């Protein structure tokens, strides 16, 4: 089972709570970086904390949630070593893992319903990086981080 790091803003709070219970019921361990209510907050701190947990090896993968998932993905991607992917469908969740070796999943809580979010999480967690020609591209992404 995996250790999953979560971060969200107020718009993603209710879906985060649901998904935490969902993945824990499957035997996964959770690290919850907040937020812890629907009170309005700024997402960068919560989502970058989830990303740092993945980078530092405390978590196997991260999940960040917000209204659209866009800003949350951007915040997580500011952490060196994080490859966060916005996935609001099953195809992008699978491809993010298989082709991009994504280690953080971002979902828009105002974009997808609870049932689809569960399926996206399951798809993301079960897909494996294919390596091969994709490894070359992931290596190029990693090299870009070293430029700055």
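Every read-out reported here was derived from the displayed coordinates using simple, explicitly stated rules and does not represent laboratory data. In this text the structure is predicted, and so the values were computed from the model without any measurement. Here the Cβ positions follow ideal geometry from the backbone for every residue, glycine too, while neighbour counts run over all protein chains shown.
In this rough spin-label picture, where each label sits 7 Å from Cα along the Cβ direction, the residue 139-residue 21 distance is 4.6 nm. Highest mean packing first, where packing is the average number of other Cβ atoms within 10 Å per residue, the peptides 119-131, 98-110 line up as 98-110, 119-131. Neighbour counts of other Cβ atoms within 10 Å put 33, 28 in the fewest-to-most order 28, 33. Net length available on complete extension from residue 129 to residue 38 is 29.3 nm, with 0.36 nm assigned per residue and the Cα-Cα distance removed. Spacing of the modelled spin labels on residue 90 and residue 78, each 7 Å from Cα toward Cβ, amounts to 3.5 nm.
Computed per residue of the chain from DSSP H runs no shorter than four, each worth -39500 (n - 2.57), the mean residue ellipticity at 222 nm is -14500 deg cm²/dmol.
Rounded, prolate or oblate, given the Cα gyration tensor of the range 59-107, with a/c below 1.5 counting as rounded? Oblate, since a/c reaches 1.5 and b/c is not below a/b. Springs between alpha-carbon pairs under 10 angstrom, Gaussian network model over the chain: which of 96, 84, 135 fluctuates most? The residue that fluctuates most here is 135.
Calculated FRET efficiency, residue 70 to residue 122, Cβ-Cβ distance, R0 = 25 Å: about 0.65 to the nearest 0.05.
Comparing 81, 115, 67 in a Gaussian network model of the chain where C-alpha atoms under 10 Å apart are linked, the largest mean-square fluctuation is found at 115. For the pair the range 101-148 and the range 1-75, the centres of their Cα atoms are 14 angstrom apart.
Normalised by the number of residues in the chain, the mean separation of alpha-carbon contacts (under 8 Å, six or more apart) gives a relative contact order of 23 percent. What the Kirkwood sum gives for the chain is a hydrodynamic radius of 14.8 Å, with every pair of different alpha carbons counted. Under a Gaussian network description of the chain, with springs only between Cα atoms under 10 Å, the residue in 136, 80, 94 that fluctuates furthest is 136.
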